[in-house]
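Right, one structure below, let's go through it.
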Amino acid sequence: MTFLLGIKFIVRPVMTTKETMQGVSPQKRAIQSVISGICIGFICGFIGAGGGMMMLLILTTVLGYELKMAVGTSVFIMAFTAFTGAVSHFAIGGQPDWMVFILCVIFTLIWARIAAVFANKATPKTLNRVTGVVLVIHLMGLIFSSVPSMALILLVKVQSRVFTAKCSEPQVGTSNGMDEGSGVTKFLSLRTET
């Protein structure tokens, strides 16, 4: 979806203006918002997606937001979603690496400000194309960074027919329920290839 949205912004930029957006009746916009929210919520709940890209697509194509307003609205909504997820994670005992957390917050604030200055000076067509290129590059980075991590699973035999998988990213498997949130999952069975 990220790739398709990036290509859409490059090939067919969103050229909606505030005047065009305000030309839609509030009642129609409310109905579209509710239906779109239900669809995005169902998809996110069903497949576990974050929803930010889907929201950006809906805001620009269905609701007719200009790109700057759509990005700002999407980020604002996702901030509450992310905050709720973080609080839930902390409540069940998960703790972040605080140094990494603080560095991420600082550099996100700095570069968000720099990007906002650029976005406010750019024409809508340029902003669409830059957004599209960033989304495509982001997807390519995700694809190429996930391939090595899939290959870097270290297997250590713990006891007969039980293996512990240690990896930098979460992996899917059948757990025996004895991992206790340590980041190491004990598998009852794990298929390996030599």
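The values are calculated or read from the model by the stated rules, or taken from the named source; none is laboratory data. The model shown is predicted, which means the values in this text are computed figures rather than measured ones. Counting neighbours? That spans all protein chains shown, and the Cβs are built from the backbone with ideal geometry, glycine included. Note: accessible area is taken over every heavy atom of the protein model, side chains too, but ligands, DNA and RNA are not part of it. Shrake-Rupley method; radii C 1.70, N 1.55, O 1.52, S 1.80 Å.
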Margin query: Any residue at all in segment 1-19 that's under 27 Å from Ile137 (Cα atoms), of a type in the set (Phe, Trp, Tyr) and at pLDDT below 80?
Written below: yes
Margin query: Taking the conditions exactly as written (among the hydrophobic types (A, V, I, L, M, F, W, C) and either in a loop (DSSP other than H, G, I, E, B) or exposed (fewer than 14 other Cβ atoms within 10 Å of the Cβ) (or both)), does Ile38 satisfy them or not?
Written below: yes
Margin query: Being under 22 Å from Gly6 (Cβ atoms), within 18 Å of the chain's Cα centre (by Cα) and either in a helix (DSSP H, G or I) or among the basic types (Lys, Arg) (or both) is true for just one of Val105, Val87, Val130, Val75. Which residue is that?
Written below: Val75
Next item on the list: List the number of the failed condition for Leu59; all other conditions in (1) in contact (Cβ under 8 Å) with a residue 12 or more places away in the chain; (2) closer than 28 Å to Ala112 by Cα; (3) outside any helix (DSSP H, G or I) hold.
Entry: (3)
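This table checks each residue for (1) at pLDDT 85 or above; (2) open to solvent by 80 Å² or more (accessible area, probe 1.4 Å).
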| position | (1), (2) |
| --- | --- |
| Ala70 | yes, no |
| Pro96 | no, no |
| Met99 | yes, yes |
| Ile102 | yes, yes |
| Leu109 | yes, yes |
| Ala116 | yes, no |
| Ala122 | yes, no |
| Thr131 | yes, no |
Notebook entry, point to check: Does Ile92 count as open to solvent by 40 Å² or more (accessible area, probe 1.4 Å), at negative phi and under 20 Å from the mean Cα position of the chain (by Cα)?
Noted result: no
Margin query: Every residue in segment 50-72 that is among the polar types (S, T, N, Q) and within 15 Å of the chain's Cα centre (by Cα), please.
Written below: none
Next item on the list: Write out, first by first residue and then by second, each pair whose Cβ atoms fall under 8 Å of each other, whose residues are 6+ apart or on separate chains, and whose first residue, in segment 105-122, is closer than 12 Å to Val71 by Cα while the second is modelled with pLDDT under 90 and open to solvent by less than 80 Å² (accessible area, probe 1.4 Å).
Entry: Ala119/Val71; Ala119/Leu127
